[in-house]
Amino acid sequence: MQYPHPRFTILFSRIERDLAEWWEMAVVFAEKSVIILLFFLKGEPDLKLSRLVFPPDGASRGTLRAHRVYLAVLLTLLGVGIGFLGLWLTACADAALPQAELYRSYLDHPLLLALNLFPPLLLAWLGYFLSGRCWCGVLLSGLFGVGLPLINYYKVMLRGDPMCASDILLLRTAGGIMSQYEFERTAEVNTAVALLGAMLAFAVLLMPRGDKRRRVRALGAAACVLLGVGAYLGAYADEAVYERTANDSLINIWSDNEVYLSRGFALSFLHSVPELFPEKPEGYDARAAQALLESFPDEDIPEGEKVAVMGVMLEAFCDLTDFDALAGFDTVQEVYAPWHALEEQSLSGRLLTNIFAGGTVDTEWGFLTGASEHDEYRGATGSYVRYFTAQGYAAHYAHPGYSWFYDRERVNDYLGFDRSVFTENGFGELVDPYVAMWHSDQQLADYLLADLDAADGSPLFSFAVSYQNHGPYAETESTVPYVSPEASGWSQESCNMLNNYLFGVNETVREYVRLTQELDARDTPVVLVLFGDHKPWMCNGGSVYEEMGIDFDTSTLAGFRNYYATPYLIWANRAAKEVLGEDFTGDGGDFSPCFLMTRLFDACGWAGPGYMQLSRAMRDISPLLHTNGLFLHDGVLTSVLSDTDRSFYRSWLAVQYYREHVAAYS
C-alpha cells in the first residue's frame, strides 16, 4: 500500500508487519488452544467450526466448554489488540516525534507494554461479564482503548498537550473549543477506526452470547473490579512503578507532552487520575502554613492612593517580532510598532507561562490568585480579588464569551468577583459570540471605559479576558499579505494563517492603544495591565512554527522562552502617576504569571496582602515557578534548588494549598 508521505510509508509498513505477525500468532494460539482443550474434553466433541461458534441446543458438555474457550481466547486477543491500537494512536499523536521508533519502543519495555495492554483487556472482560455479550466487552474496551487515545491524538495535534484525567471535568468546555477546529481524518485515524470496527463486527457476528450463568458472570465482574482496583493502587498510582516505565531515549524529558506519549496513553492517563483529587504538598502542615502566612500581615492601600486597577488578558497574544524569522519583515514590524511604543511608556517584560496554545485559565488564575499552581476550584478560595474587595473596591469581570468556558461563572464567585458579564448576560447584545473570535476588542475596550465611568471615582478593580484572535486561523485565504511564500519561502497555508493572526493582532493593538489614550484623557487615576495568556495555535502540531524554524527546545532557556513567553505591560495614566508618584516605565523583568500582580503592586508602591509579601521572597529565589518543575536561578534554567531554597519553596506550596483549600473566606 502507498501512503502520501515517505514517513507514513515507513511507519505503516512496520506497523502492518507487526500487526500481521501478532494476528498470525493469535490465530495459531486460538487454534491450538481449542484443539488441545477438545482433545482432553470428555465425550465425543464435534470439531466442526460452525458448531463450535454457534453450539446448537442440546450440544454436548464438551462442545459447550470448547465454545466458552473459543470466546475466552478471542475476547482476550481482541482486548489486547485494542490495546495495541491505542499505543499506535499514541505513537502517532505528535508529528515532531519519530513515530515508528516510538511505537517500537513500547514493545521494548515489557512493563510499560503490559500496563498499557492491561486496561483494555480488563475492560473487555468486564463488559462481557456485565452483559453476557462479547461485543459489549469489545465496545467498552474500544471506548477506552481507542476512543480516548483518539481524543488524545487530536488534543496533542491541536493544542500541543495530552489528555489527562482532569480534562473530564471540562467536557463541556472542550466540546465548545473543539467545535471551532477542523479535524483532519489522517491515515492513522482511519486505520484505527476501521480496525476497531472490524473487531466489533467480528464480535457481533462470530462471538454470540456467552455464559448465561448469572452467578458466574457476577463473580467474574467482581473479580475484574478487584483486579482493576488492585492494579491501579499497586501499579498505576505508584510513583516507583511509574519511574520504572521511563522511555526517554526518543524524547525531550523536559516536555510533559513527550513524556506522556513516551509511556503510552493508558498508563499516562491512569497515572494522572490523582489530579482529580487535591493532593497535599510534601510535608504539608496546616498549622505551620497558617502561621507562616499570618507572619506576613496584610497592609492596606493608603486611602489617598486607591486608584482604579484595570487588567486585560489578551487571547493568544504574543509579539511575533521576538522571532528572528518574522522580525525582518517590515509589514510585521508595522503591526507591532504601536505596541512597542506603548511598551516604552510602560513597565514591560515577558510572562513565562505554563501553557502553549491553550489552557488560558492557567495564566488568568495565576494573575488573579498569585498561585503558581492550583487544583480544580470547588469553593471560596484566596485571591487578590478578595484583597481588593476588602479594601473597599468593587470587583468586576468581563469576557465576550460564554460563562461555561472553564466554568468561569462559578469560579469567579469563588475568587470573589462582585459581578461577571459574559455573552449570556451582556456581551451577546454587543457582539455575536462567533464574530467575537475575530472582532470584539473594540466592544470590550468600550465596555471597560463605560464601566470605569459608571464607578464615578469609586475604587474599582476590573478584569477582562479578550476573545479576539482565538484560533484556529484560516489557512485557505487571507486578506492582508503581511508575509508571502515569495518573500518567506514558507507554504501558502502557513502564510495565510500568519496573515490572519496578524490581521487580528493589528486591530487588537490599535484598540488597546486607543484605550490608553481614552484613559489618559480622564481625570480618574487608572493603572492598566495588559498581558498575553499563551502563544497562538499555528496549525496541527505547531507546523507553522516548525516551518519557520522556531527553536522550541524547552530544555534551553531560549527554546523555553520561544515556547512559553508572552508580553505584558503595566501602564498608568497621568492622573495615576500624580497620585502614586511613580513613572511606570522601564524594564519590568520576566517572571511567572503568579508574580504579575505582585509586580503591579511594586510599581504602585503598595505592600499588599501578606501572601503577596511572601511571594516577593519566593520571587527573589526564582522568578520562574513552572509546572514542569523548572526554575530560573541566576539566569539559568534549572530543576535544582539549594536545600535552603527548596525548603522555602515547599513552604510556599504549603501556604498556597492552605490558602486555596483550608482558609475560610466569606
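The values are calculated or read from the model by the stated rules, or taken from the named source; none is laboratory data. Remember, it's a predicted structure, so these values are computed and weren't measured experimentally. Virtual Cβ from ideal backbone geometry, glycine too; neighbours counted across all protein chains shown. Just the protein is used for accessible areas: all its heavy atoms, side chains included, with ligands, DNA and RNA removed. Shrake-Rupley method; radii C 1.70, N 1.55, O 1.52, S 1.80 Å.
How many nm is it between the label spots at residue 229 and residue 556, if each spot is 7 Å from the Cα in line with the beta carbon?
So the label points at residue 229 and residue 556 sit 5.1 nm apart.
Just to confirm the number: angle between the C-alpha axis of helix 148-159 and the first principal axis of the chain, 0 to 90 degrees, nearest 10?
Result, in degrees: 30.
For segment 480-594, rounded, prolate or oblate, judged on the Cα gyration tensor with a ≥ b ≥ c (square roots of eigenvalues), a/c < 1.5 rounded, else prolate if a/b > b/c?
Oblate, since a/c reaches 1.5 and b/c is not below a/b.
Quantify, in whole percent, the carbon and sulfur part of the accessible surface of the chain (1.4 Å probe; protein heavy atoms only).
Reported share for carbon and sulfur atoms: 56 percent.
How much length would be gained if the chain were fully extended between residue 480 and residue 60, taking 0.36 nm per residue of separation minus their Cα-Cα distance, in nm to one decimal?
143.4 nm
Which entry in (i) 102, 65, 51; (ii) 106, 75, 55; (iii) 100, 67, 47 is this structure's computed Cα extents along the principal axes in Å?
(i)
For 168, 621, 301, what's the largest-to-smallest order of accessible area, 1.4 Å probe?
168, 621, 301
Once the whole set of protein chains is in place, how much accessible area is left on residue 477, using a 1.4 Å probe, in Å² to the nearest 10?
Probe radius 1.4 Å; accessible area of residue 477 about 130 Å².
Could you order 560, 356, 54 by accessible surface area, starting with the largest, using a probe radius of 1.4 Å?
In descending accessible area the options line up as 54, 356, 560.
With a 1.4 Å probe and all protein chains kept in place, how much accessible area does residue 652 have, in Å² rounded to the nearest 10?
0 Å²
Among rounded, prolate and oblate, which fits segment 240-351 when a ≥ b ≥ c are the square roots of the eigenvalues of its C-alpha gyration tensor, a/c under 1.5 means rounded, and a/b larger than b/c means prolate?
The shape class here is oblate.
Taking amide H positions as placed in the peptide plane 1.01 Å from N, state which residues far from residue 588 in sequence (5 or more) or on other chains have amide H under 5 Å from it.
Here the answer is 348, 349, since their amide H atoms fall under 5 Å of that of residue 588.
Excluding residues fewer than 8 places away in the same chain, name every one of the aspartates and glutamates whose C-alpha is closer than 19 Å to that of residue 280.
Within the straight-line limit of under 19 Å, residue 280 reaches these aspartates and glutamates: 238, 239, 373, 375, 376, 660.
Modelled label-to-label distance, residue 380 and residue 276, 7 Å Cα→beta-carbon offset: nm?
A separation of 2.9 nm, rounded to one decimal place.
Just to confirm, what accessible area per residue do you get for the chain at 1.4 Å probe, in whole Å²?
43 Å²
Report, in degrees rounded to the nearest 10, the 0 to 90 angle that the Cα long axis of helix 643-657 makes with the longest principal axis of the chain.
Once rounded, the angle reads 90 degrees.
What nm value, rounded to one decimal, do you get for the distance between residue 216 and residue 299 when each label is placed 7 Å out toward the C-beta?
It is 7.7 nm.
Quick one: what are the phi-derived ³J(HN,Hα) couplings along segment 423-440, Karplus 6.51/-1.76/1.60 with θ = phi - 60°, whole Hz, x for glycine and proline?
For segment 423-440, the Karplus curve yields 4, 5, 10, x, 6, x, 7, 9, 7, 4, x, 6, 5, 4, 5, 10, 9, 8 Hz.
To the nearest 10 Å², what's residue 399's accessible area with a 1.4 Å probe?
10 Å²
Using a 1.4 angstrom probe on the protein heavy atoms only, line up 591, 329 by accessible area, largest first.
329, 591
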